[in-house]
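Participant: Got a structure for you, questions after.
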Amino acid sequence: MELDTLQSLLGWCLAINMILYLIYVATMLGAREWLVRRNANWFALEPDRVRPILYQLLGTYKLLIIVLNFAPWLAVVIVNR
């Protein structure tokens, strides 16, 4: 695989994951209580237990985006120069 193709692939993966992350953040900011109630009902949990889990998922997803998308993309960009 050419480095240009790999750079493009990783760039698109990064863009798609960032869009999904921003949608999740917007949902957490705009409809937090709805999201908490919905997840509490789905998984039979207390709403007070759901909130930290949702924030932990948000942080974990951001970390995975950085480690699995941004860092490899940046490495390919640096090597491809």
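Participant: Applying the selection to segment 22-32, what residues are in a helix (DSSP H, G or I) and either among the aliphatic types (A, V, I, L, M) or touching a residue at least 40 places away in the same chain (Cβ under 8 Å) (or both)?
Facilitator: If the condition is that a residue be in a helix (DSSP H, G or I) and either among the aliphatic types (A, V, I, L, M) or touching a residue at least 40 places away in the same chain (Cβ under 8 Å) (or both), then L22, I23, V25, A26, M28, L29 are the ones that fit.
Participant: Condition (residue is surrounded by 13 or more Cβ atoms within 10 Å (Cβ to Cβ), at pLDDT 95 or above, of a type in the set (V, I, T) and over 17 Å from the mean Cα position of the chain (by Cα)) applied to segment 54-77: is it met by at least one residue?
Facilitator: Yes, the conditions are met somewhere in segment 54-77.
Participant: Find all pairs meeting these conditions: Cβ atoms under 8 angstrom apart; at least six residues apart or on different chains; first residue within segment 53-81 and within 17 Å of L9 (Cβ to Cβ); second residue at pLDDT below 95 and polar (S, T, N, Q).
Facilitator: none
Participant: Another question about this same structure. If you scan segment 21-32, which residues turn out to be surrounded by 12 or more Cβ atoms within 10 Å (Cβ to Cβ) and within 14 Å of the chain's Cα centre (by Cα)?
Facilitator: Result: Y21, Y24, V25, T27, M28.
Participant: Report the residue count in segment 1-18 for those that are closer than 17 Å to I65 by Cα and touching a helix residue (DSSP H, G or I) at 6+ places or on another chain (Cβ under 7 Å).
Facilitator: Looking only at that region, the number is 8.
Participant: Ok, one more. Tally up the residues in segment 33-52 that are without any contact (Cβ under 8 Å) to a residue 12 or more places away in the chain and surrounded by 12 or more Cβ atoms within 10 Å (Cβ to Cβ), please.
Facilitator: So the count comes out to 6.
The values are calculated or read from the model by the stated rules, or taken from the named source; none is laboratory data. Just so it is clear, the structure is predicted and the values come from calculations on it, not from any experiment. Backbone-built Cβ (ideal geometry, glycine too); neighbour counts: all protein chains shown.
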